[in-house]
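These notes concern the structure reproduced below.
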């Protein structure tokens, strides 16, 4: 049965977030709000928790999971980033973008794409996520909370509780959030002088980065 943490969306109570982080450190899976719907999250190095996220989502190991980082310096620890990629990342973060980059050796092979060896990375602006990352002191592995057979992510914590209470250890409730996923940018196409490519149009405005579909 999931624990329920009702927090303020802009000034989340540290006491409640610390309780949620304690569950993550025990290898549990939580549903948390982000600036682009709710997401399933766990710590990076717990295989069972990663497998649980894939089971809830109904996806296999080819589905790209996302590493949520607190800043660019942390992101650069988990991805190989050249100067051009870094300049674009600096321009786009924090914000509702997910970046596909070549994974570094710090990323366990089971969470990177099995063929391409890539990983999705985010630096969000949402206060609840940023405070969770500060308390945890490490990135979170995440997947947008879209259930099998559905197209739209869940954005209402009451609905999440009703449908997934037995599958999760905890739900961080900051009220309803946007139901539009992040914009996904493939930065691996920048290697060799190319441009970033838009894999999914979402909340982030890629045109402000000088990109086009």
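What to note about this one:
- Crossing angle, helix 47-57 versus the chain [Cα axis fit, 0-90 degrees, rounded to tens]: 90
- Sum of -39500 (n - 2.57) over DSSP H runs of 4+, divided by residues of the chain (222 nm, nearest 500): -8000 deg cm²/dmol
- Degrees, to the nearest 10: 127-136 long Cα axis against longest axis of the chain: 90
- Put the Cα centre of the stretch 64-114 next to the Cα centre of the stretch 21-44 and the gap is 18 Å.
- Remark: relative contact order (the stretch 3-209) = 31 percent; criterion is Cα-Cα distance under 8 angstrom and separation of 6 or more residues.
- Gaussian network model of the chain, Cα within-10 Å springs - most flexible of 83, 11, 48: 83
- Relative contact order (percent, whole number), the stretch 42-110, Cα cutoff 8 Å, 6+ residue spacing: 34
- Relative intensity, log₁₀ I(q)/I(0), of the stretch 69-115 from a Debye sum that treats every alpha carbon as a point, q = 0.27 Å⁻¹: -1.11
- Comparing 79, 174, 14 in a Gaussian network model of the chain, where Cα atoms under 10 Å apart are tied by springs, the biggest mean-square fluctuation is seen for 14.
- The stretch 119-194, relative contact order in percent, only Cα pairs under 8 angstrom and at least six apart counted: 23
- Between 0 and 90 degrees, the angle of helix 83-92 with respect to the longest Cα principal axis of the chain falls at about 40 degrees.
- Within a Gaussian network of the chain (alpha carbon springs, distance under 10 Å), most fluctuating of 159, 106, 74: 106
Every number here is computed from the coordinates shown, using simple stated rules; none is lab data. Note that this is a predicted model, so its numbers are computed, not measured.
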